[in-house]
Amino acid sequence: MRTIKTAVDELAILGGNPIFQMPKSTSNLVRPDFGNFLNYSKIFFEARQYTNNGPLIRQLEARLAKFHQTDYCVTFCSGFWALALAIKTLATPGKREVIMPSLTYRRMADIASWTGLEPHFCEVDPDTLANNATTVRSCINVRTALILGVHPIVGLCDIDGLTALAHEKNIPLLFDAVESACESHMNRRIGSFGNAEIFSLGASKLLNGFEGGYLTTNDGQLAEQLALCRGFGFKGPDNVALPHGMNAKLNEIHAAMALASLDDLEDQVARNRRRYQLYQQHLASLPGIRLLEFDDSQQPGYKNILAEVLEDWPLSRETTIRVLNAERILARAYYSPPLHHKKTAYPAIVPKLPVTDRLSRRFISLPAGHLVDETDIIAITEFMHYIHDHADVISNRLPQDASR
Ligand SMILES: *Cc1c(COP(=O)(O)O)cnc(C)c1O
């Protein structure tokens, strides 16, 4: 049972009962129709083909290529390995550095390091929270092997600027479009920009394949090489065509789940939009919290709910997150700490990144996805109003917080 607090003593962080029994997280965890998932699964089960480019992988790749309006789609066991293999294949031979934002996905620098290259962190644009032509340009040097454009979790990065820059400097451009699988730019769906784009089919992402990832491109040679690479480098029985093959294939049951998720996508986007609009409605009158707006012209998936903690919010971001988390509202600091502050086991190029440092302290990702319903959002936002209105008392009762 949910009860919004009637006294500060009832806050879970002060020993009261949490608002939620079941944690409300930021993970999408979309659950497509079970019957539909089973129907797809029957196809590979009856064909007795479980992996190695079976009927569902072929169907999924064809549908995703169509969805993203590209000539090719190549699936992988994860977004991580799709990125790693694409970086490795696209990087200019003999060069070492991959330019990427620091305010981004937690494992991004590790991915570059697995390919034997070095992350070179760049700034982000404070308006988009993503890298753009200006922030990338200042990092380009004779060692630059590849530019990685990464879309933020709300909105898009500077597609046109990065494309023009990559062209001007003759440097390959790869987009991590994991968080923008649905979006369009200039009425063209994300997927065909740069040399290639990468997506994930992980359970917390827009399309749930349990795990998985894929690349879209119009470059037939790249697609062929990556398809070889993910499957041991085999080209026909016992013919190993690549000196550096590995196993990074997606299998049939994951493809079945991804296909069922794809069938559900339009409905999902409508549900996400409803959740986003409820947050909008209930946070509009809350001082100190700014909800990041989706741009409807980009035809977004509305999956993520991101809020900025402004100067007039009465608690620090960290305290706010702790108070929310105690209620099992699993809000998270957005991409924090940024990658350039993490200890790594490999070298990285770290210029001064004051904008990233500042922004990395300001944003909160709020619960969203399939397990968050409308009454949950009303409870979450009501509780945020409660925190705001009782911030002085809450502050006094909590151990002192050094960050504000
Ligand atoms: C999750 C994520 C990945 C990695 O995808 P996995 O399928 O989980 O390996 C890469 N980039 C971004 C932006 C992500 O959010």
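The values are calculated or read from the model by the stated rules, or taken from the named source; none is laboratory data. Keep in mind it's a predicted model, so treat the numbers as computed, not measured. Note that we place each Cβ from the backbone using ideal geometry, even for glycine, and neighbour counts take in every protein chain shown.
Annotations
- Restricting the first member to segment 104-127 and to residues that are on the phi < 0 side of the Ramachandran plot and of a type outside the set (Ser, Thr, Tyr), and the second to residues that are in a strand (DSSP E or B) and surrounded by fewer than 22 Cβ atoms within 10 Å (Cβ to Cβ), the beta-carbon pairs closer than 8 Å and six or more apart or on different chains are ALA112/GLU118; GLU118/ILE349; PRO119/ILE349; HIS120/THR144; HIS120/ILE349; PHE121/ILE349.
- All told, ASN272 meets the bar of being farther than 20 Å from GLN59 by Cα and in contact with a Lys or Arg (Cβ under 8 Å, 6 or more places away or on another chain).
- Any chance LEU259 is surrounded by 16 or more Cβ atoms within 10 Å (Cβ to Cβ), within 16 Å of the ligand (Cβ to nearest atom) and within 24 Å of LEU38 (Cβ to Cβ): no
- Near pairs, Cβ below 6 angstrom, 6+ apart or cross-chain, from segment 361-389 (among the charged types (D, E, K, R)) to any residue that is crowded, with 18+ Cβ neighbours inside 10 Å and at pLDDT 95 or above: ARG362/VAL309; GLU374/LEU278; ASP376/LYS24
- Exactly one residue among ASP238, ASP263, ASP176, ASP267 is under 23 Å from THR115 (Cβ atoms) and either acidic (Asp, Glu) or modelled with pLDDT of 95 or more (or both), and that residue is ASP176.
- Applying the criterion of at least 2 residues that are within 30 Å of SER261 (Cα to Cα) and hydrophobic (A, V, I, L, M, F, W, C) to the helices (runs of 4 or more DSSP H) found wholly in segment 291-404 leaves 374-389.
- Restricting attention to segment 223-259, the residues that are of a type in the set (A, V, I, L, M), in a helix (DSSP H, G or I) and touching a strand residue (DSSP E or B) at 6+ places or on another chain (Cβ under 6 Å) total 3.
- Counting only residues that are of a type in the set (A, V, I, L, M), surrounded by fewer than 19 Cβ atoms within 10 Å (Cβ to Cβ) and touching a helix residue (DSSP H, G or I) at 6+ places or on another chain (Cβ under 7 Å), segment 349-383 holds 2 of them.
- Only residues that are within 15 Å of the chain's Cα centre (by Cα), of a type outside the set (A, V, I, L, M) and away from the ligand (no atom under 11 Å from the Cβ) were counted across segment 96-116, and they come to 1.
- Count of residues meeting criterion [surrounded by fewer than 19 Cβ atoms within 10 Å (Cβ to Cβ) and more than 18 Å from the chain's Cα centre (by Cα)] in segment 330-345: 5
- The residue list ASP267, ASP238, ASP263 contains one member that is among the acidic types (Asp, Glu), within 23 Å of ASN28 (Cα to Cα) and free of Cβ contacts under 8 Å to residues at least 60 places away in the same chain, which is ASP267.
Yes or no, residue by residue, for (1) small (Gly, Ala, Ser); (2) within 15 Å of the ligand (Cβ to nearest atom); (3) modelled with pLDDT under 95; (4) surrounded by 16 or more Cβ atoms within 10 Å (Cβ to Cβ):
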| position | (1), (2), (3), (4) |
| --- | --- |
| PHE34 | no, no, no, no |
| ILE43 | no, no, no, yes |
| ARG58 | no, no, no, no |
| THR70 | no, no, no, yes |
| SER78 | yes, yes, no, yes |
| LEU83 | no, yes, no, yes |
| PRO93 | no, no, no, no |
| PRO126 | no, no, no, no |
| CYS139 | no, no, no, yes |
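- Scope segment 142-181; condition hydroxyl-bearing (Ser, Thr, Tyr) and more than 10 Å from the ligand (Cβ to nearest atom); matching residues: THR144, THR163
- VAL154 fulfils the conditions (1) surrounded by fewer than 18 Cβ atoms within 10 Å (Cβ to Cβ); (2) aliphatic (A, V, I, L, M); (3) part of a loop (DSSP other than H, G, I, E, B) except for a single criterion, (1).
- Tallying residues that are of a type in the set (A, V, I, L, M), part of a loop (DSSP other than H, G, I, E, B) and within 21 Å of GLN299 (Cα to Cα) within segment 173-214 yields 7.
- Reported count of residues in segment 168-184, each being under 17 Å from LEU222 (Cβ atoms) and not aliphatic (A, V, I, L, M), is 4.
- Screening PHE210 with (1) touching a His at 6+ places or on another chain (Cβ under 9 Å); (2) crowded, with 20+ Cβ neighbours inside 10 Å; (3) over 19 Å from HIS151 (Cβ atoms); (4) modelled with pLDDT of 95 or more gives one miss only, at (2).
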